[in-house]
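A short write-up of the structure that comes next.
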Amino acid sequence: MIQATEPLQQSVVVFSTNYLPISRVNIRRAIVLLVTEKAEPMDLETETYTEVRSPNLILQVPAYIRLKFQSAERIWKVPPVNRRELLRRDHYQCQYCGSRKKLTIDHVLPRSKGGQHTWDNVVIACESCNTRKGDQTPQQVGMILHTTPKAPCHPAVLFAEEFWGKR
Ligand SMILES: [Zn+2]
């Protein structure tokens with residue numbers, strides 16, 4: 001039985017074989033990866049370890065591990081444009097005024113003007129902004145989009161950006 005429960009709450013950053021941070025796993029998962037030799041400690045300058053003790057074993061679990069094999073990259077495709085994915089991309093906020101209430105889907109270039117139902121032409125907008133905008137472009141009604149709509153990117157890329165951004 002493992003006594004120290006607290007270190008088990010901690011997480012370990014997993015790097016790919018080519019040293020890209022790809023995800024964060026809990027320490028149990030990291031131990032499994034290490035003992036099955038699927039991963040090895042990463043040598044960052046300030047390598048830190050979490051000590052995990054059981055009655056007959058003390059494990060030093062590094063904060064960063066690197067997969068030894070090309071991970072079977074989970075196949076990831078750009079998701080189809082739908083409300084759920086769109087809400088996630090736009091952080092559940094109207095992209096014109098920031099409201100979180102009565103959210104709808106807005107076609108930046110209206111469909112009546114040839115706008116497509118594609119990632120770069122749809123945004124989350126609250127009901128009142130959507131009504132105000134009506135069948136026009138944001139420029140025509142003097143509304144400003146706070147983001148440039150684009151397709152969501154690979155979760156590993158987001159993770160890498162977040163990881164390096166914090167250091
Ligand atoms: Zn709004």
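The values are calculated or read from the model by the stated rules, or taken from the named source; none is laboratory data. Keep in mind it's a predicted model, so treat the numbers as computed, not measured. Methodologically, a virtual Cβ is constructed for each residue, glycine included, from the backbone with ideal geometry; neighbour enumeration extends over all protein chains shown. Ligands, DNA and RNA are stripped out before the accessible areas are found, and what is left, the full protein with its side chains, is counted by its heavy atoms. Shrake-Rupley method; radii C 1.70, N 1.55, O 1.52, S 1.80 Å.
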- [ ] Would you mind working out the magnitude of the charge dipole of segment 61-126 relative to its Cα centre, with +1 at each Lys and Arg C-beta and -1 at each Asp and Glu C-beta, to the nearest 20 Debye?
- [x] 200
Open item on the list: Viscosity 1.567 mPa s, temperature 4 °C: what is the translational diffusion coefficient of the chain from Stokes-Einstein with a Kirkwood Rh over Cα pairs, rounded to a whole number of µm²/s?
Closed with: 67
Open item on the list: As a test of the formula, what do you get for the chain when each DSSP H run with n ≥ 4 contributes -39,500 (n - 2.57) and the sum is divided by the residue count, at 222 nm and rounded to the nearest 500 deg cm²/dmol?
Closed with: -6000 deg cm²/dmol
- [ ] Compute the length gained on full extension between R28 and W164: take 0.36 nm times their separation in residues and subtract their Cα-Cα distance, giving the result in nm to one decimal.
- [x] 46.6 nm
- [ ] Assign one of three labels to segment 78-121, namely rounded, prolate or oblate, based on the Cα gyration tensor with a ≥ b ≥ c the square roots of its eigenvalues; rounded applies when a/c is under 1.5, prolate when it is not and a/b is larger than b/c, and oblate otherwise.
- [x] oblate
Task: Cα centre as origin, Lys/Arg/Asp/Glu Cβ charges: the chain dipole, Debye - done: 740
Task: Cα long-axis angle, helix 155-166 against the chain (0 to 90 degrees, to the nearest 10) - done: 70
Task: Loop-located chymotrypsin sites (Phe, Trp or Tyr not before Pro) in segment 68-167 whose Cβ has at most 10 other Cβ within 10 Å (DSSP) - done: F69
Task: Accessible carbon and sulfur surface of segment 15-167 relative to its total accessible area, %, 1.4 Å - done: 54
Task: Solvent-accessible surface (1.4 angstrom probe) belonging to V35, in square angstrom, nearest 10 - done: 100
- [ ] Determine which residues of segment 98-118 fall in the zone a paramagnetic label at N82 would reach in this model, i.e. backbone nitrogen under 18 Å from the point 7 Å along Cα→Cβ.
- [x] 104-106, 117-118
TODO: Might you tell me the accessible area per residue for the chain, computed with a 1.4 Å probe and given in Å²?
DONE: 66
